[in-house]
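Below is one structure, written out as structure tokens, with a few remarks after it.
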Amino acid sequence: MAIASIFQGILPYYRKPFWRHLLLGLLVSLAIVHPFPLFGQLQAQNAFPEIRGVWITNNDTVRFLDENRTTESINLLADLNFNTIYPVVWNSGYVLYESEFAKREGLQPFSPRGDQGQDVLADIIAKAHRRNMLVLPWFEFGFKAPPMSELVKRHPWWFTQKRDGTKTSVSAAGEVMWMNPFHPQVQAFITQLVMDAVNKYDLDGVQFDDHTALPNEFGYDNYTISLYQQETKKTPPSNPKDPAWIRWRADKITAFMVQLNARIKAAKPNILVSVSPATYNLAYNTFLQDWLDWIRKGIVDEVIVQVYRTSLPTFTEPIQRAEFREAKTRIPTAVGILTGLPTKQVPMPLVNDKVYAARAQGMGVAFFYYQTLWDVAPEEKDYRIQSFRRLFASPAPRSLARIAPVS
């Protein structure tokens, strides 16, 4: 019987504390006497090296501004057998790495250097590489920006709107405006932003997430209306969820990502283009992000799907969908797991359960975000660290030479 089938069979019992402790004891006992790492067997269906990643967000900035604390943090991650780091470099309308382009655009009115005068991103990359970890800078904000950002002030025509003329929406980051992903000047800006980092740093790839997209209510600006009329001889439908209107806009975003991928690969052919979207139906129908098509077109080298559900049943259902089954046969695939927020701490047993569930489906994991791994958590730090040590009991090395399936 396949290990995934066994796992699914015991899962209902594992949710109960008594059975969880009993089963974990059995797993530990088997791991001691078995000549191969037991948890490695749980990954047997994964054709690629397992992603074990963590996002470094704005909330983590203070720790990573100090060289000594950066060394301590990266060494701890490496000792726990993490293999990939995603540090934020584009957030709230600001560029967080050293960029002359950003300074010219007024998007870096502060020094991005660390406490010892170091280039923070270069420091993270160097320290991670010494411990054989990959670093993929994360362009978190994608096409969105705060209403008061310099981008809005300098380039108001870059921003799109809803049919009623509304130019903002509310997201987890608060009120935001959305750059028009169909506008050539916006596309040139995002391309320059990304290529600035690609050309300057010894990075292993770049990551785009669910904001390299557009909420379906948007796209009713004059530029987009004119472009749609020119190409289709029709007026954009009043219903933002009209299937043809969604398809047209999603295809335009895909076409831009094809071009962006080509620029990245022309500069550094072997680095990874990563995307961390929402689940497919939500990503496509609500945010016009057809990431499955991106994978089929060969412009994505790894995918981490955000599944920030609050219970194990609501987590396990989506990760068994067809989009996951297809993605993991083509590229390294992982599930984004929420380890907590300052106002919403997540207990470690639930994190454990989600990791086991992802592995049972042959996928890796990435955690949102560093601070909530153990610094902001409902349990003691040592308990959380030891829990991750058990989760990742053996190494899972990744390298740019091993992005193809394991033979």
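Observations, loosely collected:
- 20 Å-binned pair-distance histogram of the chain (Cα, whole percent): 27, 57, 16, 0
- Two-site label geometry, Gln386 and Arg325: point separation in nm, points 7 Å out along Cα→Cβ: 4.1
- Calculated accessible area for region 83-240 comes out at 39 Å² per residue, all protein chains present (probe 1.4 Å; ligands, DNA, RNA ignored).
- Counting only DSSP H runs of at least 4 residues, each contributing -39500 (n - 2.57), and dividing by the residue count of the chain, the helix-based mean residue ellipticity at 222 nm comes to -13000 deg cm²/dmol.
- Nearest 10 degrees, 0 to 90: helix 184-200 Cα axis against the chain principal axis: 40
- Between helix 222-232 and the chain there is an angle of about 90 degrees, using the helix long axis and the longest principal axis of the Cα atoms.
- Charging the Cβ of each Asp and Glu at -1 and of each Lys and Arg at +1, and nothing else, the dipole of region 212-282 about its Cα centre rounds to 260 debye.
- Point-charge dipole on Cβ atoms (K/R +1, D/E -1) for the chain, about Cα centre, debye to 20: 840
- Taken about its Cα centre, region 350-397 carries a charge dipole of about 200 debye when Lys and Arg each add +1 at the Cβ and Asp and Glu each add -1 at the Cβ.
- Principal-axis tilt of helix 17-33 within the chain, Cα atoms, nearest 10 degrees: 70
- Report note on the peptides 206-215, 368-377: ranked by the mean count of other C-beta atoms within 10 Å, highest first, their order is 206-215, 368-377.
- Rounded to the nearest Hz, the phi-derived 3J(HN,Hα) couplings of region 360-372 under the Karplus curve 6.51 cos²θ - 1.76 cosθ + 1.60 (θ = phi - 60°) are 4, 9, x, 10, x, 9, 9, 10, 10, 8, 3, 4, 8, where x marks glycine and proline.
- With all protein chains kept in place, the per residue accessible area of region 340-401 amounts to 37 square angstrom at a probe of 1.4 angstrom.
- Relative frequency of Cα-Cα separations exceeding 27 Å in region 64-200, percent: 30
- The chain, accessible surface, carbon-and-sulfur percent (1.4 angstrom probe): 55
- Checking the cross-link pairs Lys103/Lys265; Lys103/Lys127; Lys162/Lys354 against a 28 Å limit on the alpha carbon distance flags Lys162/Lys354 as lying beyond it.
- Length-normalised contact order of the chain in % [C-alpha pairs under 8 Å, at least 6 apart]: 21
The values are calculated or read from the model by the stated rules, or taken from the named source; none is laboratory data. What you see is a predicted model; the values in this text were computed from it and never measured. Note that each Cβ is placed from the backbone with ideal geometry, even for glycine, and that neighbours are counted across all protein chains shown. Remember, those area values only see protein heavy atoms, side chains included, never the ligands or the DNA or RNA. Shrake-Rupley method; radii C 1.70, N 1.55, O 1.52, S 1.80 Å.
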